[in-house]
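The values are calculated or read from the model by the stated rules, or taken from the named source; none is laboratory data. Keep in mind the model is a prediction, meaning the values are calculated, not measured. A quick note on method: Cβ atoms are made from the backbone with ideal geometry, for glycine too, and the neighbour counts reach across all protein chains shown. The area values use the complete protein model at the heavy-atom level, side chains included, leaving out ligands, DNA and RNA. Shrake-Rupley method; radii C 1.70, N 1.55, O 1.52, S 1.80 Å.
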Amino acid sequence: MRRLTMVFCSAVVLWFSIPVALAQNTVDVLGTGSPQPANTTGCAVNPNCIPATWSTTSNGGTDITSSITQNFVFDTNGGASPTDFPPATSGKICLADTRDLSGTTLFAQIAANCQAARGVALLLIRNSGVTAPSGIPVFTISTTNGDFLRNTVGFDTGTRVSKYQVRINVAVATPPSNPTGQHNCPNGQAVPAYVGPGTLNYTPNESLCLPAAAGQAVEPSMTVDSQGTIYVESIRGVPGGLDLWRWNRARDGGPNADGTLPFKYEGQPDCGIFVSAFCQQSGLAPGGGDGDVAANSPDPSTNVPNLAVVSLAAAEVTASHSTNRADTFSTPNPTGALVPFDDRMWIDALDDPNHVYMEYHDFGTTSQILLQRSNDGGLTYTDIALSTVVSPTSEPSVGPPTGNIAGQIKVDRSHTGSHGNLYQIFVGPDNVTDNTNSLINAVYVGVASGVSPTSHTAIPFNVYKIFSCGAGKNCAGAGLGNLFPALAVDDFGYVYAVWSDNTDIYYAYSTTHGTSWSSAIQVTRITSPASQAGKSNVFPWIAADADGHVAIAWYGADIPGNSNTISANWNVYVAETVTGHASAPHFTLSQASDHSNHNGSISTGGLTGSSDRSLADFFQIAIDPTNHLINLAFADNHAGASVSYFTRQRQATGGIVGGQCTGHVADGEGDIRGKKGSSAHFRLHHDDCNEQPDDEEFSDPGSGTDFHATQVSSATFDDLAHSVTIVGRGVDNGSSVAFTIVAVDSSLVPPGLFSITLSDGYTNTGNLLDGSITLH
């Protein structure tokens, strides 16, 4: 969740800003001649009804078992005061609109005031669910449906009693379903399982199975470790904790035929204050307000990468880690942060077995960005003295009163001299005057170089400006807090940054380890073959690997306008380049979502925002280092509550070169049928860790072809097709030619297949007559 650091009251609001909701209850309007809503079909009485989301912390933690039929009594002040609900409330349903609240109020207090007035249930009007511990059932309905009850159904202006009765119906349990073969899924899920058709470049979108009691899974964070294991983590909201999913090929099975993955639901590494079949270590801390994950390199003794997880409530950061690929986690440590009143932590791991960096805001008194380090895999963060990112010379511009918004900390894991550098991106005012005027119109990066993992002193940062809209300017009217800026580092130490002004996604790169930056590029305007130019685009995230392979994802609307006020259809877009630090990077745009993941507005105001926050504040992408495939986890509420979805690139983009060793190896030798009846012989060997460009050979004596490679420009492994495509140059009978070889694994797709195309016109494809091809 995004909070401007100096907004002190947000720490209280944190406790109810993200829902912990269950399955779908509904509300009918009763009575002859009563107005009828036009939302959900198949309701108890009317042809249509109003969706209502139950707060799992209300009514003693039990949803209603029989319907409640009564008039509602509308509270015109939001229900914050014990005197707000009139005497007529007794025995009736309370209706309150959170838009009528004038200050910070816990939703539990509104429920308590309703109960004190002898109300039997509370309907809260809000575009996202709530956490409301109380003795009566509490439900949320959307602002559109709230306006329908207030204005169309209506109430007596004196007694405030509705003109018609309403019925709150019992939720219908969602049957379990996991059509993509996901493991460990609960009986009864928050939403019905969904598998889409996919898009041209991305696999079918699949929902990740979630217990019904979770209600939602938003702000998905993700990481892919060095062995290709994918981890997705999402939040339920305080005090509901986190949920986590894993896909590991060896343990969970290979991709399905359509490219979807059989994820395993790993339960809750931090379950807040609740006990469930998936989490027994509750009560340690009311986490789930924010979350993040990071993976180290494998432990040499086990060959298993460490996985670190953090969870947030305003008073603390809860930390834990797993050394067995998320099957179990350490007992959560509720004192991960050294500063007790903190906000929006992010983590990243070094490429060793145990060092993890965590940054967060000092939420109570300053807008300082604080850094800690763990040397035990993310269980404790006391390995260095508490470090600060915002330098004394920068603080007058990006400190109080406006403050700053920080993106994720990134560790340079490249194989260059910048290895171990730390980069911290944030947005804030351009100067002292803009700070006074609450303008967020500049992007900054804090850089720490020469960082030693064996030193325990505070780490010093230097702050550099990446971009500014210009002193006194408001960046297209929406500023640059839309929401988090993001940053990535590729395998050669080049650094990349993205941010949004609510209309365009901006991109810049640094070839000097963050000390200087390119001019900003509007990615939404230069992408091909399509463009999001002129429309609303928010929540960017970025990932990078190899040499200049960069992927940027965001939520894009189908119309222009401010995301906070428009009603739009939203989709997930990805812009990709393999020339990320070239003078003019070329981006290709793809739509990754195979359906609109959200309809309406998207709030960029964080906890202080008044528009739709059902997707929360960000989503993440990650590139698999073993195959260069782009992976996305995003929030989706097209079918009910917001839950986490996953998709990934169908095939790696060509032209990705120069990265670190990915571990892929292709070996093969054998015969296929030649062009003129005789057999043709091939031999191939490609090792990402030890490239030998002349290891591809082919001869077809009957057609006079005698080829061997001299240079390999790319080798792309497709884990879905079990194939490798090798592209480069060579010689055929002494003449220079370009070549493309495609080989398919014999053991997985018997008997195997070999194909070769030369630029001099020779081409041949055939199943193996003998020999074999092995890809791993």
Testing Y464 on (1) part of a loop (DSSP other than H, G, I, E, B); (2) farther than 26 Å from L629 by Cα, one condition comes back false. Which one is that? (1)
Enumeration of residues in region 49-84 that are farther than 25 Å from A171 by Cβ and open to solvent by less than 10 Å² (accessible area, probe 1.4 Å): G78
Taking region 595-611 only, how many residues are part of a loop (DSSP other than H, G, I, E, B) and either crowded, with 22+ Cβ neighbours inside 10 Å or at positive phi (or both)? 5
Counting just the residues of region 751-776 that are open to solvent by 70 Å² or more (accessible area, probe 1.4 Å) and assigned to a loop (DSSP other than H, G, I, E, B), which one comes out nearest to D667 (Cα to Cα)? H776
Under 6 Å between Cβ atoms, which residue pairs at least 6 apart in sequence (or on different chains) link something in region 458-485 that is open to solvent by 60 Å² or more (accessible area, probe 1.4 Å) with a partner that is β-branched (V, I, T)? N462/V447; Y464/V445; Y464/T515; A476/T503
Residues in region 432-457 that are open to solvent by 30 Å² or more (accessible area, probe 1.4 Å) and touching a residue at least 60 places away in the same chain (Cβ under 8 Å): how many? 5
Checking D362 against (1) in contact with a Leu (Cβ under 7 Å, 6 or more places away or on another chain); (2) more than 28 Å from D491 (Cα to Cα); (3) crowded, with 24+ Cβ neighbours inside 10 Å, which single condition isn't satisfied? (3)
Condition met for D63 (assigned to a loop (DSSP other than H, G, I, E, B) and either of a type in the set (F, W, Y) or over 38 Å from the mean Cα position of the chain (by Cα) (or both)): no
Between a first residue in region 736-760 that is closer than 20 Å to L775 by Cα and a second residue that is of a type in the set (F, W, Y) and not in a loop (DSSP other than H, G, I, E, B), which pairs have beta carbons less than 6 Å apart while being 6 or more apart in sequence or on different chains? A743/F754; F754/F682; I756/F698
Residue within region 259-281 that is without any contact (Cβ under 8 Å) to a residue 12 or more places away in the chain and more than 24 Å from the chain's Cα centre (by Cα) present: yes
Kindly evaluate A112 against the criterion of being among the small types (G, A, S) and in a helix (DSSP H, G or I). yes
Any idea which of (1) buried (at least 24 other Cβ atoms within 10 Å of the Cβ); (2) in contact (Cβ under 8 Å) with a residue 40 or more places away in the chain; (3) of a type outside the set (V, I, T) is the one G420 doesn't satisfy? (1)
Which residues, taken from region 371-408, are crowded, with 23+ Cβ neighbours inside 10 Å, among the hydrophobic types (A, V, I, L, M, F, W, C) and under 26 Å from P453 (Cβ atoms)? L371, V389, V390, A406
In region 504-524, anything surrounded by 18 or more Cβ atoms within 10 Å (Cβ to Cβ) and either of a type in the set (F, W, Y) or more than 20 Å from the chain's Cα centre (by Cα) (or both) is listed as Y506, Y507, A508, Y509, S510, H513, G514, W517, S518, A520, I521
Residue check for I559: touching a strand residue (DSSP E or B) at 6+ places or on another chain (Cβ under 7 Å), surrounded by fewer than 22 Cβ atoms within 10 Å (Cβ to Cβ) and either within 25 Å of Y464 (Cα to Cα) or of a type in the set (S, T, N, Q) (or both): no
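For every residue, the table says whether it meets (1) at positive phi; (2) buried (at least 19 other Cβ atoms within 10 Å of the Cβ); (3) outside any loop (DSSP other than H, G, I, E, B).
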position	(1), (2), (3)
P133	no, yes, no
F148	no, yes, yes
R167	no, yes, yes
V172	no, no, no
P179	no, no, no
P192	no, no, no
Hey, N201 hits all of (1) modelled with pLDDT of 90 or more; (2) open to solvent by less than 50 Å² (accessible area, probe 1.4 Å); (3) over 24 Å from V29 (Cβ atoms); (4) not hydrophobic (A, V, I, L, M, F, W, C) but one; which does it fall short on? (2)
